[in-house]
1. Being part of a loop (DSSP other than H, G, I, E, B) and farther than 17 Å from PRO107 by Cβ is the filter; apply it to the range 13-36 and report the residue that is least open to solvent (accessible area, probe 1.4 Å).
2. I'm told TYR10 meets every condition in (1) touching a residue at least 12 places away in the same chain (Cβ under 8 Å); (2) within 15 Å of LEU112 (Cβ to Cβ); (3) open to solvent by 70 Å² or more (accessible area, probe 1.4 Å) except one. Can you identify the failing condition by its number?
3. Only one of (1) among the charged types (D, E, K, R); (2) at pLDDT 95 or above; (3) open to solvent by 80 Å² or more (accessible area, probe 1.4 Å) is not met by GLU152, so which one is it?
4. For the range 37-51, which positions are open to solvent by 70 Å² or more (accessible area, probe 1.4 Å) and among the hydrophobic types (A, V, I, L, M, F, W, C)?
5. Here is a list: TYR100, TYR86, TYR66, TYR75. Which entry is surrounded by 21 or more Cβ atoms within 10 Å (Cβ to Cβ) and either touching a residue at least 12 places away in the same chain (Cβ under 8 Å) or closer than 23 Å to ALA135 by Cβ (or both)?
6. Return the residues of the range 105-145 that are touching a residue at least 40 places away in the same chain (Cβ under 8 Å), open to solvent by 40 Å² or more (accessible area, probe 1.4 Å) and not in a helix (DSSP H, G or I); say none if nothing qualifies.
7. Please verify whether the range 170-191 includes one or more residues that are without any contact (Cβ under 8 Å) to a residue 12 or more places away in the chain, crowded, with 18+ Cβ neighbours inside 10 Å and under 20 Å from GLY23 (Cα atoms).
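The values are calculated or read from the model by the stated rules, or taken from the named source; none is laboratory data. Everything quoted here is computed from the prediction, not taken from an experiment. Using ideal geometry, Cβ is built from the backbone for each residue, glycine included, and neighbour counts are taken over all protein chains shown. With ligands, DNA and RNA removed, areas are computed over all heavy atoms of the protein, side chains included. Shrake-Rupley method; radii C 1.70, N 1.55, O 1.52, S 1.80 Å.
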Amino acid sequence: MKRLDRMPTYIHMTMAFMGGLWGAYSVVQWTNLGNAHTTNLIKIVLRLIDGDWLEFALCVGSAFLYFLAFALSAYWSKHSKSDLRYAVIIVEAVSLAAVYFFPQNWPVYTRLYPCVFATAFQWSIFCGAQGFNCATIFNSNNYRQFSSSFAEVYLNKDPSFRPKMKFFGCTLLFYHFGVVYVYLILKAFSSYAIWSGLLPLVVAAVMIHLHRKELAVAKAVSYTHLTLPTT
C-alpha cells in the first residue's frame, strides 16, 4: 500500500489514540465516560422518574451538545468547502482548554460538556478508513468487529477477513495507547494532564496537511498524464 493510501489509516489511528485519551481522562477524573452517551440517555429517563430535576437538566444539556455536534457536522459536510478534519482539531484543542479552566466546584456533568461535544464531533468526521466504518471514540463495536473477524480468520479459515481483523485490532490498540498515555500523565500531573491531548492533535494536523499535499500532487500528476499529447 502506498503512503498516499496509508495516510488516512495513520490519521484514523491517531484519532483513536485521542479517543482513548478523552475516555480515560473523563473516567478517571469524573467516573463518567464522556465519549459515549447510552448511560446519559438512561439517566435522563431515571431522573425524570425520580424527580431529580437538576441532574435531569444537566443530562438533557449533555444530550443536546451530543446532538448539536452531529447536526453541525452533517450540515457542514454538505455545505462547507473546508476540510472538516481541521475543524475537529480546533474544536478538540478548545475543548481541552475548557476542561482545564472550568471551575472544579461545578457539577460533574458541566465539566464533561467539552468532552461530550468534542468526541461527538470527532466521531462524525473521523469515522473510519480503508473502507471500514469504525468509531475512534469508543470500542464496543470495534471489539465486536475484531472478535468476529478473528474468528473468521482462525476458526473459519477465511483469510479475506485478515485486513479487517488487523484494522480493528490496531484501532483497539491505539485507543488503549491513549488510555495508558493520559493515565500515566494524570498520575504525575493531575488535572494538568489534559494539556497532553495537544500532542496527538498536532500529530494529526501534520498528517492531515501531508495527506492533502500528497493528494494535490497525485491529482496534478494524473492531470498531466491526461493532457500530455501523444506521439
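1. It comes out as ASN35.
2. (2)
3. (3) is the only condition that GLU152 fails.
4. Within the range 37-51, LEU41, ILE42, VAL45, LEU46, LEU48, ILE49 qualify.
5. It is TYR66.
6. PRO107, GLN130, PHE138
7. Yes; the residues of the range 170-191 include at least one that is without any contact (Cβ under 8 Å) to a residue 12 or more places away in the chain, crowded, with 18+ Cβ neighbours inside 10 Å and under 20 Å from GLY23 (Cα atoms).
Listed here are the residues, each with its yes/no results for (1) more than 22 Å from ILE185 (Cβ to Cβ); (2) at pLDDT below 95; (3) more than 15 Å from the chain's Cα centre (by Cα); (4) of a type in the set (S, T, N, Q).
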position: ILE11; (1), (2), (3), (4): yes, no, no, no
position: GLN29; (1), (2), (3), (4): no, yes, yes, yes
position: PHE70; (1), (2), (3), (4): yes, no, no, no
position: PRO107; (1), (2), (3), (4): yes, yes, yes, no
